[in-house]
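Peer 1: There's a structure below that I have some questions on.
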Amino acid sequence: MPRHIPATQHELNRCSLLAELPGDRLMKLAGRMTREEVAPGQAPVVEGEPGERFYVVLSGMLVVSQESLGARRVLRPGDYFGEVALAMSIPRTASVRALTPSVVASCDLETFDEFVRPLFADDT
């Protein structure tokens, strides 16, 4: 089992969504997010599977694709993914696969609900 390497506040600050969090909240969130290396071709998120984690891209490039539509867009550092399945309690709506060696930070549903979900509520 790889050891838990938390994300840093500085890394998460590059994500415009998370940058809305006050510094102390962002620091707490960073401590609860796990860094993970993703090799080219690996897919942290697979369409149709249950969603359990929210992800932020720290480095590299990943592609979002849908079975029916093919590649939709490319994710770069500062982008995030995985929020739809968690926010709406539905299976993954797309797959995300690394194009280059990438590093992502992710958190579980409980952490997402506490820190991230309220940021989406502001949009309504």
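Peer 1: Please state the charge dipole magnitude for the chain, taken about the Cα centre, from unit charges on C-beta atoms (+1 on K and R, -1 on D and E), reported in debye and rounded to the nearest 20.
Peer 2: 360
Peer 1: Residues of the range 33-47 with backbone nitrogen within less than 19 Å of a virtual label 7 Å along the Cα-to-Cβ line of Glu67, please, listed as ranges.
Peer 2: What the label zone holds, given the 19 Å backbone N cut-off, is 43-47.
Peer 1: Using only Cα atoms and rounding to the nearest 10 degrees, what angle (0 to 90) does helix 23-32 make with the longest principal axis of the chain?
Peer 2: Approximately 50 degrees, to the nearest ten.
Peer 1: Return, for the Cα atoms of the chain, the radius of gyration and Dmax in Å, separated by a comma.
Peer 2: Both quantities, over Cα of the chain: 13.7, 42 Å.
Peer 1: Could you grab the relative contact order for the chain? Cα pairs under 8 Å, six or more apart, rounded to a whole percent.
Peer 2: Averaging sequence separation for qualifying contacts and normalising by length gives 32 percent for the chain.
Taken together, the values in this text are just the output of simple stated rules run on the coordinates, not laboratory data. Every value quoted in this text rests on a predicted model; they were computed, and no experiment measured them. Here Cβ is always computed from backbone atoms with ideal geometry, including for glycine, and neighbour counts include all displayed protein chains.
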